Amino acid sequence: MQVVSISSLKGGVGKTSVTTGLASAALAAGIPTLVVDLDPHADASTALGVSPDDQLDIGRMLKSPRRAHLADNVVPSGWVEHARLNGRGGANGRKQPGAATSVLDVAVGSAYTGIYDRPGLGRRDLRRLSAVLAGAGNYELVLVDCPPSLNGLTRMAWSASDKVALVAEPGLFSVAGTERTMRAIQLFRQEFAPKLSPAGIVANRVRSSSAEHTFRLAEMESMFGQLLLSPHIPEQANWQQIQGAAHSIHHWPGDSAKNAAGLFDALLQNLLNQGGVAPAGTVRDRSLR
Ligand SMILES: Nc1ncnc2c1ncn2[C@@H]1O[C@H](COP(=O)(O)OP(=O)(O)OP(=O)(O)O)[C@@H](O)[C@H]1O
Ligand SMILES: [Mg+2]
């Protein structure tokens, strides 16, 4: 099992969108996956189309990790049913090799997690998500959607993770924020999480026609080298419509969704490559320098 946190210092750069894009790719690839929605706003749960019954949300599981039986409290994403109904070759004509048996579950977000989103969370609190995920052995991949801060919840996510993927838009403030976050990961790793490594940086909402974006991408490449993951995710005109419909990108009709789905397939493969869940891919060593 690999646990990957999707984080950023800045809000609104696309953490939830990248998390759900990767979850969509994992579902299409038949990788049993759990999405942990650690943001008190619970946007990932909405986008993943969950309909909880009487399950505990992640906030309540974190409150009593030893008593929270994860397997009884996850909720399947509504996308699994879409994938099943579409079967092989979903709405956009892509092959769905694992669609009939795939697992995409959600540990549902709630405002209750907010009680842990404070600076200076103690070691015991930092371990809460790791304790909950002790019951996640059935999944090959766990994606943790983090809130937009480096407070307690994000640090709790890092403590439980093998890797952190940072999301950044190619703009001045975002690039500076990513550098600060990289430093924060390094410090956190030394003190609390020696196994943690940065999986890399996902450049999101890239407009190839923008001279500023081209400049900032080049700057990011020179600053972060191989940590800047490929492919970049472009600005996608219908992204909000797809999220609003609680659909996966792999099951949205049209060429632009098909293209975006292919980018997330490649991004997932590159992210997982270090840990060996996915087939060998294109990525090289990305350890911290
Ligand atoms: N590649 C993209 N193309 C077009 N719109 C996008 C893209 N990525 C994200 N968005 C849009 O930008 C907005 C913010 O994205 P998202 O919610 O994923 O960011 P976030 O980092 O999770 O935000 P927060 O910090 O509030 O959790 C959303 O309306 C989303 O639909
Ligand atoms: Mg979000």
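As a quick test, which of the pairs LYS10/LYS63; LYS15/LYS258; LYS10/LYS163; LYS15/LYS163 have an alpha carbon distance above 24 angstrom in this structure? Show your work: numbers first, answer last.
On the way: LYS10/LYS63 26 Å; LYS15/LYS258 20 Å; LYS10/LYS163 19 Å; LYS15/LYS163 15 Å.
The answer is LYS10/LYS63.
Can you pull the Kirkwood radius for the chain, inverse mean 1/r over Cα pairs, to one decimal in Å?
On the way: mean 1/r = 0.0533 Å⁻¹.
Result for the chain stands at 18.8 Å.
Dividing the mean sequence gap of close Cα pairs (under 8 Å, 6+ apart) by how many residues segment 2-273 holds gives a relative contact order of 28 percent.
With a ≥ b ≥ c the root eigenvalues of the C-alpha gyration tensor of segment 191-259, is it rounded (a/c under 1.5), prolate (a/b larger than b/c) or oblate? Intermediate results must be reported in sequence, preceding the final value.
Working: a/c = 2.92, a/b = 1.40, b/c = 2.09.
Oblate is the answer for segment 191-259, as a/c is 1.5 or above yet b/c matches or exceeds a/b.
Residues considered: LYS258, LYS163, LYS15. Largest GNM mean-square fluctuation over the chain, using C-alpha springs under 10 Å, is found at LYS258.
What residue among GLY14, GLY30, GLY244 shows peak mean-square fluctuation when the chain is described by a Gaussian network model with Cα springs under 10 Å? With Cα springs under 10 Å in the chain, the top fluctuation among GLY14, GLY30, GLY244 is at GLY244. Helical runs assigned H by DSSP (4 residues or longer) give the chain a calculated mean residue ellipticity at 222 nm of -11500 deg cm²/dmol, each run adding -39500 (n - 2.57) before division by the residue total. Taking other C-beta atoms within 10 Å as the exposure proxy, LEU228, LEU153, LEU70 rank LEU228, LEU70, LEU153 from fewest upward. Couplings 3J(HN,Hα) of segment 58-63, computed from phi: 5, x, 6, 5, 5, 5 Hz, in residue order, whole Hz [Karplus 6.51 cos²θ - 1.76 cosθ + 1.60, θ = phi - 60°; x for Gly and Pro].
Under unit Cβ charges (Lys, Arg +1; Asp, Glu -1), what dipole magnitude, rounded to 20 debye, does segment 2-273 have relative to its Cα centre?
Working: 25 positive and 23 negative charges, 122 e Å.
Here segment 2-273 has a charge dipole of around 580 debye.
When VAL4, VAL175, VAL36 are ordered from fewest to most other Cβ atoms inside 10 Å of their Cβ, what list results? Show your work: numbers first, answer last.
Working: VAL4 22, VAL175 19, VAL36 31.
Ranked by crowding around the Cβ, least crowded first: VAL175, VAL4, VAL36.
Note: relative contact order over segment 139-241, using C-alpha pairs below 8 Å and six or more positions apart, is 28 percent.
In order along segment 37-49, the phi-based Karplus estimate (6.51 cos²θ - 1.76 cosθ + 1.60, θ = phi - 60°) of 3J(HN,Hα) comes to 8, 8, 7, x, 6, 6, 5, 5, 4, 5, 5, 8, x Hz; Gly and Pro are listed as x.
When HIS69, HIS82 are arranged by Cβ crowding within 10 Å, least crowded first, meaning fewest neighbours, the order is HIS69, HIS82. The residue list ILE31, SER64, VAL106 was ranked by how far each Cα lies along the charge dipole of segment 2-273 toward its positive end, using unit charges on Cβ atoms, and SER64 comes out on top.
For LEU196, the amide hydrogen comes within under 5 Å of no other amide hydrogen, counting only partners 5 or more places away or on other chains and with H modelled in the peptide plane.
Rule-based calculations on the coordinates, nothing more; no lab input. Please read these numbers as outputs of a predicted model, since none were measured by experiment. Note that we place each Cβ from the backbone using ideal geometry, even for glycine, and neighbour counts take in every protein chain shown.
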